[in-house]
1. Whether any residue in region 370-392 is of a type in the set (D, E), open to solvent by less than 40 Å² (accessible area, probe 1.4 Å) and modelled with pLDDT of 90 or more is what I want to check.
2. At positive phi and in contact with an Asp or Glu (Cβ under 8 Å, 6 or more places away or on another chain) - does that describe any residue in region 315-323?
3. Consider E291 against the criteria (1) open to solvent by 30 Å² or more (accessible area, probe 1.4 Å); (2) assigned to a helix (DSSP H, G or I); (3) charged (D, E, K, R): it satisfies all of them except one. Which criterion is unmet?
4. For L171, are the conditions met, namely being open to solvent by less than 10 Å² (accessible area, probe 1.4 Å) and either modelled with pLDDT of 95 or more or touching a Pro at 6+ places or on another chain (Cβ under 7 Å) (or both)?
5. Quick check: anything in region 33-50 under 23 Å from E214 (Cβ atoms) and open to solvent by less than 20 Å² (accessible area, probe 1.4 Å)?
6. Determine whether region 118-130 contains at least one residue that is open to solvent by 30 Å² or more (accessible area, probe 1.4 Å), among the small types (G, A, S) and touching a Ser or Thr at 6+ places or on another chain (Cβ under 9 Å).
7. If S300 satisfies every condition in (1) at pLDDT 85 or above; (2) out of contact with any Leu (no Cβ under 9 Å at 6 or more places or on another chain) but one, which is the exception?
Amino acid sequence: MVPGSSVATPERILQVIDVVAAQTRHPVAIVVSAFGGVTDSLIAVGQKASQGDGTYVQDLAQIKERHFSIAHALIPSATLPPIDAHLEKEFKELTDALQGIALIKELTKRSLDLLMSFGERLSAYIIAAAMQVKVKNAVFVDARTLIVTDRHFGAAHVNYEQTYARIAGALGENQSTPIITGFIASSTNGETTTLGRGGSDFTAAIIGAALNAEEIEIWTDVSGVMTADPRKVKDAFPIARMTYKEAMEMSHFGAKVIHPPTIAPALQRNIPIRIKNTFTPDAEGTLITSESCDHMHPISGLTSIDQVSLFRVEGAGILGVYGMASRLFGALARKEISIILISQGSSEHSICFAIAPQSSDYAVEIIEEEFALEMQAGLIDEITVDKEVSIIAVVGENMCRIPGIAGKLFGALGTNGINIITIAQGSSE
């Protein structure tokens, strides 16, 4: 899989083509993201159109100019006419979609998925055409013909049985090198859907699992999963090997190198994932497998989420009452509020959980509506929300075998005057 940062300019795309050309002694399938920044630009023009801001037309023209400029920089002029015609057709469809959004002044999740899909559709087509100079059998493949999802627009759920059958049928015996759109899919009704931001990694894992690949490679702009965020910890270094569980924990708690859902298809088929750097292809990177490694250190890495909202739901009405946690988290789940962390005291007098800060006010409304009667009766106190909170996660499968790790962690924080508000430890160690 090749992310947007690795295909932001013609020069970077040429580096990607060289990497792929060096791999074609083995059968490969390539998944690519939109050009760097394009997805955000498409979201912005959609929002402008829905607000009646006519300047979206100029913004769209800039997006179009960028794609044509990249195509003309990469593709021989003799083969450009059909490429230009295809790009014009795609931008005509995009223009029509935006005009519809501008007319009704509404940007639905379904419409937004359609808008965002053009990023990958355009980039994969251009890269496939450019790659044919060095990789003669490179062909463009629209993942909407392969990946089947439900109608949960914005972060659709994959129907693996249908998807794996389609991929095996289309790519299983194919001798070409498919250049596949990441991030996008289609519903059973044929509507365009997306797999959530960062979903191109997920696409690569789905394709790899369906084809029983020897390895799934994620090519990005860093040399693997780092022991910590290098922007915060100058001595951070790449982790040579880690397990699926460690990778899932680190991705869930803020490590942005790999998209959290990516790991599941690889884990189910026991396919190794390798994280590599497009700009330093000879670097070893990180290998993620099912096997626990004998690390020199019990901790594989540290990761964090800089800003979260920490909720405390407490009161006498919670103590010993069946179903309170179920009601709380069920109400939030029905409104699609994702929980990052949960901690509950042994007294069952309070429940503590963390969510993304942009959902804080809505979450308070949901909880107050669900427990309106209990709050009126004084059985549940007013909801407490701390909005200026960060989560730090310490990850390593070998921690359970080494005594004193937690003490060392809390001691280091205490010595430096950092107060711990809540603690949670997963069963995965």
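1. For region 370-392, residues of a type in the set (D, E), open to solvent by less than 40 Å² (accessible area, probe 1.4 Å) and modelled with pLDDT of 90 or more: present.
2. yes
3. (2)
4. no
5. yes
6. No; the residues of region 118-130 include none that is open to solvent by 30 Å² or more (accessible area, probe 1.4 Å), among the small types (G, A, S) and touching a Ser or Thr at 6+ places or on another chain (Cβ under 9 Å).
7. Going through the list (1) at pLDDT 85 or above; (2) out of contact with any Leu (no Cβ under 9 Å at 6 or more places or on another chain), S300 breaks only (1).
This table checks each residue for (1) touching a Gly at 6+ places or on another chain (Cβ under 7 Å); (2) hydroxyl-bearing (S, T, Y); (3) without any contact (Cβ under 8 Å) to a residue 24 or more places away in the chain.
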{"site": "M131", "(1), (2), (3)": "no, no, no"}
{"site": "T145", "(1), (2), (3)": "no, yes, no"}
{"site": "T149", "(1), (2), (3)": "no, yes, no"}
{"site": "N159", "(1), (2), (3)": "no, no, no"}
{"site": "L171", "(1), (2), (3)": "no, no, no"}
{"site": "N174", "(1), (2), (3)": "no, no, yes"}
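The values are calculated or read from the model by the stated rules, or taken from the named source; none is laboratory data. Quick caveat: nothing in here was measured; it's all calculated off a predicted structure. We place every Cβ from the backbone using ideal geometry, glycine too, and count neighbours over all the protein chains shown. Side chains are part of the model used for accessible areas, which takes the heavy atoms of the whole protein and leaves out ligands, DNA and RNA. Shrake-Rupley method; radii C 1.70, N 1.55, O 1.52, S 1.80 Å.
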